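Data block below; observations after.
The values are calculated or read from the model by the stated rules, or taken from the named source; none is laboratory data. Quick caveat, the model's predicted, so the values are computed rather than measured. With ideal geometry, Cβ positions are generated from the backbone for all residues, glycine too; neighbour counts draw on all protein chains shown. Surface accessibility is based on the protein's heavy atoms, side chains included, excluding ligands, DNA and RNA. Shrake-Rupley method; radii C 1.70, N 1.55, O 1.52, S 1.80 Å.
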Amino acid sequence: DTAVSQTPKYLVTQMGNDKSIKCEQNLGHDTMYWYKQDSKKFLKIMFSYNNKELIINETVPNRFSPKSPDKAHLNLHINSLELGDSAVYFCASSNAGGRPDTQYFGPGTRLTVL
Amino acid sequence: ELKVEQNPLFLSMQEGKNYTIYCNYSTTSDRLYWYRQDPGKSLESLFVLLSNGAVKQEGRLMASLDTKARLSTLHITAAVHDLSATYFCAVSQGGSEKLVFGKGTKLTVNP
């Protein structure tokens, strides 16, 4: 029944490791997003895919690589994790061009890098 | 570059009181959103405002949009404890799907 789901919910790892976060939506939306929320609750977009095509690519270190195998899934792979990557990562989805095109957010993945 | 400013960033109010949260943005936009976030939880969509003069109400919350002033307000009427949360406004940049979020207003409603 979940609209936008993410796994895992919590991720604790050491510096230098590589990790992935998965996101799936069952809303039939064509656009998916990754956001980062830092410790001060500031929310910033990282990437967006529309029908498996990258449409938004903010200034993010290239250690972060999104992958969209189909329009219902958007994964985020992070290489060589750093302390500053600790944050909550939210996936979202919407129907681009829809009116309204509200973005629906997943539950978040809390990443802690030690 | 689009900038979105919310104020206040922290708001402590008593139950039963009214208050307004303000959201200013720096460049023209055709869409503005309000979201609510409870501690440790996801973001929940509250309102979407698409045109100048748009007003939407849900329970004790009312949102409005003035595109000429580049200002949206979220008005809280007769606050109750359950409204305690962080409220974010987000503005669409240049008609794109990119949303720029304000820093959020942490609302605490005290009995």
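A few notes on this one:
- Some residue of segment B:73-92 being farther than 23 Å from residue A:89 by Cβ, hydrophobic (A, V, I, L, M, F, W, C), out of contact with any helix residue (DSSP H, G or I) (no Cβ under 6 Å at 6 or more places or on another chain) and in a strand (DSSP E or B): yes
- Residue match in segment B:16-29 (condition: away from every other protein chain (no Cβ under 11 Å), among the β-branched types (Val, Ile, Thr) and outside any loop (DSSP other than H, G, I, E, B)): yes
One line per residue, one yes/no per condition, for (1) closer than 14 Å to residue A:111 by Cα; (2) without any contact (Cβ under 8 Å) to a residue 40 or more places away in the chain; (3) exposed (fewer than 15 other Cβ atoms within 10 Å of the Cβ):
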{"position": "A:15", "(1), (2), (3)": "yes, no, yes"}
{"position": "A:25", "(1), (2), (3)": "no, no, no"}
{"position": "A:36", "(1), (2), (3)": "yes, no, no"}
{"position": "A:43", "(1), (2), (3)": "no, no, no"}
{"position": "A:56", "(1), (2), (3)": "no, yes, no"}
{"position": "A:66", "(1), (2), (3)": "no, yes, no"}
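- Residue that is farthest from the chain's Cα centre (by Cα) [pool: residues in segment A:90-114 that are closer than 17 Å to residue A:26 by Cβ and without any contact (Cβ under 8 Å) to a residue 24 or more places away in the chain]: A:98
- Filter pass, residue A:21 being surrounded by 15 or more Cβ atoms within 10 Å (Cβ to Cβ), within 13 Å of another protein chain (Cβ to nearest Cβ) and in a strand (DSSP E or B): no
- Tally, over segment B:70-111, of residues that are buried (at least 20 other Cβ atoms within 10 Å of the Cβ), farther than 17 Å from residue B:39 by Cα and more than 14 Å from chain A (Cβ to nearest Cβ): 4
- Matching residues in segment B:30-69 - criterion: being within 13 Å of chain A (Cβ to nearest Cβ), surrounded by 18 or more Cβ atoms within 10 Å (Cβ to Cβ) and among the polar types (S, T, N, Q): B:37, B:42
- Among the candidates B:45, B:64, B:12, residue that is part of a strand (DSSP E or B), in contact (Cβ under 8 Å) with a residue 12 or more places away in the chain and touching a His at 6+ places or on another chain (Cβ under 8 Å): B:64
- Qualifying residue in segment A:71-82 (condition: within 10 Å of chain B (Cβ to nearest Cβ), open to solvent by less than 30 Å² (accessible area, probe 1.4 Å) and in a strand (DSSP E or B)): no
- The single condition among (1) closer than 22 Å to residue A:3 by Cα; (2) within 14 Å of chain B (Cβ to nearest Cβ); (3) within 12 Å of the chain's Cα centre (by Cα) that residue A:87 does not satisfy is (1).
- Some residue of segment B:12-19 being open to solvent by less than 40 Å² (accessible area, probe 1.4 Å) and among the hydroxyl-bearing types (Ser, Thr, Tyr): no
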